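The values are calculated or read from the model by the stated rules, or taken from the named source; none is laboratory data. Fair warning: this is a prediction, and the values are worked out from it, not measured in the lab. Cβ coordinates were reconstructed from backbone atoms using ideal geometry, including for glycine residues, and neighbour counts include every protein chain displayed. Accessible surface areas use protein heavy atoms only, side chains included; no ligands, DNA or RNA. Shrake-Rupley method; radii C 1.70, N 1.55, O 1.52, S 1.80 Å.
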Amino acid sequence: MNRRGLLVAIAAATLTASSALAQEPIVFGVITPLSPPGETGLGQLVKRGSEIAVEYLNEKGGVLGRKVAISIQDSAGKNEQAVAAYRRLVTNEKAVAVFGFIHSGANIAVNEVAKEIGVPTMGTQTGAGDVTAKHYDIAFRTHAVDPPRAATWLGWAKKNGFKRMSIIAETTDYGIGLAKATEAQNKSMNIGLEIQTIMFDRTTTDLLPQLLQVKAFRPDAIINVGVGQPLDLMITQATTVGLLPTVPMVTSYDAPARPQHWQLHKEQGVGVHFIAFYTQKSKLSDLGEWFVKRYQEKHNEPPIYSALNAFANAVVFAQAIEMAKTTEPKALIKALETGSFKGWSSVPVTFPQAEGALWHNWSPPLMIMKYTKVNQTAADADVAHTLGE
């Protein structure tokens, strides 16, 4: 082959390779709990939300002219399984971004690997400070961190004139962080609550010993910092020992917003309070309104926050890629840090380089909801307190 022919062949090969790349989908990785001991209910919601995000993006023409695909991996709520999933996603499946995290410990463990590999992560419903407090460039989050969540139930306690509060928390990054944040703010803000803190192993199948300690303490309120099965176990057994419904209990996230709450607890579910980040009365962006409609059509029920947030995570990553005009990690990270993005809320999503856990963090609204009758939906639950009241 002469020189001219060689150049033509090289140009043709380059064009073919570029064309092939353009045809390959942009892959988003999703790491979420789909089997025990993980919070499988939230994992399934994340799966639904991310699947609808792919529909939305591809119906809009994809990203950078390429289709979008997702690869969903089960963390089972285990740190080592989440890390293995991240490595598999970015190495074998060429994922350009990873989200879907529910368990803080799994998110934190993955970030230790991601800071070396460079592919960014986004916490979907992880609250522990260290998810973002280490200020890794790859770590982003769209969820409420520990201090505002603790401030929400402390404000509720102060408004109601409570004097004694029991915190029953799992021994995970999430549980330990929330217990410490509550104790610290109670002291620094001079709220004056007497706080009893009791920790338990997340694999426990019996919380009666802990609840009997709570009963002896005679609190005005109980904070339930269990995730998944322990959260529901605490509600059931607190009723058994006579704490519920006399003593109000607040769950640390919105598990009772799901229909399964009434299937599990029936009349025992009345009077339960829960931290919420979204209700059907929340003010949405046009993107959020689109999602709510599509979710209702597909699943014949209104969406829950986890699904909404997973959908938004994928769409925010897509917007940042369009802004960067590339999927190259450093350019994508820069776009996330400097851009303003449309999420599910009417409030734009930004990731400021702020202090502490607020680094690369966008937070949803925070409120405490209360059920007053059997089979009440989250949309009809009473708002017992809103952060900032």
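From the list Val383, Val347, the lone residue that is within 21 Å of Tyr278 (Cβ to Cβ) and part of a strand (DSSP E or B) is Val383. If the condition is being assigned to a helix (DSSP H, G or I), of a type outside the set (Val, Ile, Thr) and touching a residue at least 60 places away in the same chain (Cβ under 8 Å), then segment 48-89 contributes Arg48, Gly49, Ser50, Ala53, Glu55, Tyr56, Leu57, Leu89.
Based on this model, can you work out whether Thr239 counts as assigned to a loop (DSSP other than H, G, I, E, B), among the hydroxyl-bearing types (Ser, Thr, Tyr) and either open to solvent by 20 Å² or more (accessible area, probe 1.4 Å) or closer than 30 Å to Val315 by Cβ (or both)?
Taking the combined requirement at face value, the residue does not satisfy it.
Six or more apart or on different chains, Cβ atoms under 7 Å: show the pairs whose first residue is in segment 132-152 and more than 26 Å from Val119 (Cβ to Cβ) and whose second is in a strand (DSSP E or B). Hits for this filter: Arg149/Ile275; Thr152/Ile275; Thr152/Ile368; Thr152/His385.
Return yes or no: is Ala53 more than 14 Å from Thr327 (Cα to Cα) and modelled with pLDDT under 95? First the steps, then the outcome.
On the way: more than 14 Å from Thr327 (Cα to Cα): yes; modelled with pLDDT under 95: no.
In short, no.
Selection over segment 90-148 of residues that are assigned to a loop (DSSP other than H, G, I, E, B) and more than 12 Å from the chain's Cα centre (by Cα) gives a count of 14. Taking the stated definitions as given, is Leu332 within 25 Å of Thr279 (Cβ to Cβ) and either among the hydrophobic types (A, V, I, L, M, F, W, C) or within 16 Å of the chain's Cα centre (by Cα) (or both)? No; evaluated as a whole, the condition is false for this residue. Residues in segment 198-236 that are over 30 Å from Leu34 (Cα atoms) and either open to solvent by 40 Å² or more (accessible area, probe 1.4 Å) or touching a Lys or Arg at 6+ places or on another chain (Cβ under 7 Å) (or both): Leu212, Gln213, Lys215, Ala216, Phe217, Arg218, Pro219, Asp220. Filtering segment 143-165 for residues that are in contact with a helix residue (DSSP H, G or I) (Cβ under 8 Å, 6 or more places away or on another chain), closer than 18 Å to Ala307 by Cα, open to solvent by less than 20 Å² (accessible area, probe 1.4 Å) and modelled with pLDDT of 95 or more leaves a non-empty set. Scanning segment 170-189 for residues that are outside any loop (DSSP other than H, G, I, E, B) and in contact (Cβ under 8 Å) with a residue 60 or more places away in the chain, we see that the one that is most open to solvent (accessible area, probe 1.4 Å) is Asp173. Residues in segment 345-384 that are more than 23 Å from Gly129 (Cα to Cα) and crowded, with 22+ Cβ neighbours inside 10 Å: Met369, Tyr371, Ala378, Ala381. Residues in segment 312-326 that are open to solvent by 50 Å² or more (accessible area, probe 1.4 Å) and free of Cβ contacts under 8 Å to residues at least 24 places away in the same chain: Gln319, Met323. Of everything listed in (1) at pLDDT 95 or above; (2) surrounded by fewer than 19 Cβ atoms within 10 Å (Cβ to Cβ); (3) over 15 Å from Ala381 (Cα atoms), the single unmet condition for Trp262 is (3). Which members of segment 242-255 meet the condition of being farther than 20 Å from Pro37 by Cβ and outside any loop (DSSP other than H, G, I, E, B)? Result: Met249, Val250. When segment 265-291 is examined, which residues are found to be assigned to a helix (DSSP H, G or I) and either more than 21 Å from the chain's Cα centre (by Cα) or modelled with pLDDT under 95 (or both)? Listed by number, the residues that qualify are His265, Lys266, Glu267, Gln268, Gly269, Asp286. Scanning segment 327-344 for residues that are over 16 Å from Ala114 (Cα atoms), in contact (Cβ under 8 Å) with a residue 24 or more places away in the chain and assigned to a loop (DSSP other than H, G, I, E, B) gives Lys342, Gly343, Trp344. In segment 292-311, the condition of being among the aromatic types (Phe, Trp, Tyr), assigned to a helix (DSSP H, G or I), modelled with pLDDT of 95 or more and open to solvent by 10 Å² or more (accessible area, probe 1.4 Å) is met by no residue.
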